[in-house]
Every structure is written in C-alpha cells, then in structure tokens.
C-alpha cells in the first residue's frame with residue numbers, strides 16, 4: 001500500500017526566508033510524486049511532479065523538490081518566501097497498478113510573516 | 001483556471017436528503033476522479049472513472065454512487081445524507097487511464113453542508 005506523511009501541519013516563516021515543507025512516502029512500486037497547492041476557497045493546483053526523469057524537480061512560483069529514494073523523501077523548498085505563498089500544500093503519491101488515484105498527505109499550512 | 005468545472009459551488013441540504021454533484025472534465029480528458037476533503041479525514045480518493053467505466057473505488061460509502069456519461073461528464077450522487085458528509089468534494093481529470101505520471105487537474109470543488 002502507498003502512503004504519504006507530511007511532517008508539520010503548520011509551518012511559519014518570515015518573508016524572504018527559506019521554505020521547507022517535508023514529505024515522506026511509502027510505496028512498494030516506483031512512485032510518482034506530486035506537490036499541490038491549495039489557496040483559500042480554491043481547488044488544488046499542481047506545483048511540480050516527480051516522474052523519474054530527474055531527481056531534482058523544478059516547479060512553478062520558484063518551488064523545487066528533490067526525490068531521495070534512500071530517504072523515501074520528496075521535500076518541497078523555495079529559497080525565499082513571498083507573502084503570496086501562504087496556502088496549504090499537499091504531497092501526493094500515485095503508482096497503483098490499475099488506477100492513477102492520488103494518495104494525499106495530511107497537508108501543511110504555510111504561514112508567511114511580514 | 002484548470003479547465004475542470006464543477007456545479008454547484010455550494011450546496012446546503014438537510015439530513016436524509018439526496019444530492020447530485022456534477023463535474024465536467026477538461027476537453028479531451030478521459031479519466032475523472034472524485035475526492036472528498038474534510039477536516040478530520042483530509043483529502044481522500046473516492047472513485048475513478050475512465051471513458052464511462054468505473055476503474056477503482058476508494059473510501060466511498062455505499063450511500064454514494066457515481067457515473068460517467070458518454071459526453072464524459074460525471075456525477076456524484078450522495079444519498080441519505082448525514083452530518084458527517086459535510087465536506088468539500090473535488091473532481092479531477094487527466095488525459096489517460098494508466099499514465100500514472102499524468103497530472104490531475106482539479107476543479108474548484110463543491111462545498112456540501114448538511115444541516
């Protein structure tokens with residue numbers, strides 16, 4: 001079975017500081033990993049995804065994530081936080097044999113302080 | 001704008017009632033997924049349809065059912081509603097069936113409130 005664990009339900013950073021959101025996965029098959037962002041009262045928007053082409057994945061809005069198989073991790077980073085980054089972030093895994101369903105982590109709310 | 005539309009945006013109803021949520025996938029997408037987002041359960045996969053056929057079920061209650069029609073739109077039917085069914089229901093679409101790296105594009109969701 002596949003699962004995703006996001007460490008820290010709330011993360012608070014100052015504007016301009018490094019953003020680090022943690023995601024660990026469990027999968028018995030090679031996983032495909034995704035980070036989605038949800039702004040208040042909106043749907044989910046893809047930030048980036050890992051599809052085995054490259055371990056360092058660059059996404060939209062300056063975010064990137066590194067796939068580390070040895071650590072079963074796919075942490076999301078951004079060098080400098082912006083106020084507009086305040087949102088909820090979800091890590092997800094797919095890879096089941098008969099469906100592309102996504103298994104989501106619990107989500108991390110990012111607060112950016114001025 | 002993801003290209004996925006969901007109606008209605010908000011739905012308020014009473015316990016015991018039945019409602020239908022509608023989803024139109026992005027043009028050309030054959031797969032439709034339904035997810036439920038609630039405070040206590042988080043984001044959970046409910047059901048997956050591909051080109052009119054059910055492909056996978058997740059944590060979907062027997063009181064819930066879904067369909068995908070020939071024009072590829074999908075409906076999620078929730079019956080005998082309980083207070084605990086109050087949640088945000090998302091539909092997502094992707095182009096294919098088993099390209100597991102496909103991006104799923106999410107609609108804006110339907111917020112269901114059961115009173």
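A few comments on the model shown:
- Qualifying residues in the stretch B:87-100 (those that are surrounded by fewer than 17 Cβ atoms within 10 Å (Cβ to Cβ) and in contact with a strand residue (DSSP E or B) (Cβ under 8 Å, 6 or more places away or on another chain)) - the one nearest to residue B:6 (Cα to Cα): B:95
- Residues of the stretch A:93-104 that are within 8 Å of another protein chain (Cβ to nearest Cβ) and either in contact with a helix residue (DSSP H, G or I) (Cβ under 8 Å, 6 or more places away or on another chain) or modelled with pLDDT of 85 or more (or both): A:94, A:101, A:102, A:103, A:104.
- Test for residue A:86: is it more than 8 Å from every other protein chain (Cβ to nearest Cβ), modelled with pLDDT of 95 or more and surrounded by 21 or more Cβ atoms within 10 Å (Cβ to Cβ): no
- Elements of type strands (runs of 3 or more DSSP E) in chain A, at least 1 residues being under 10 Å from the mean Cα position of the chain (by Cα): A:3-7, A:19-26, A:32-38, A:44-50, A:64-68, A:73-78, A:87-94, A:108-113
- Within the stretch B:80-99, considering residues that are in a loop (DSSP other than H, G, I, E, B), in contact (Cβ under 8 Å) with a residue 60 or more places away in the chain and over 23 Å from residue B:26 (Cβ atoms), the one farthest from the other protein chains (Cβ to nearest Cβ): B:80
- If the condition is being exposed (fewer than 15 other Cβ atoms within 10 Å of the Cβ) and either under 13 Å from residue A:31 (Cα atoms) or in contact with a helix residue (DSSP H, G or I) (Cβ under 8 Å, 6 or more places away or on another chain) (or both), then the stretch A:55-69 contributes A:55, A:61, A:68, A:69.
- Listed by position, the strands (runs of 3 or more DSSP E) contained in the stretch B:1-68 that have at least 1 residues being within 11 Å of chain A (Cβ to nearest Cβ) and closer than 26 Å to residue A:106 by Cα are B:5-7, B:10-13, B:31-38, B:42-50, B:53-57.
The values are calculated or read from the model by the stated rules, or taken from the named source; none is laboratory data. Everything quoted here is computed from the prediction, not taken from an experiment. Virtual Cβ from ideal backbone geometry, glycine too; neighbours counted across all protein chains shown.
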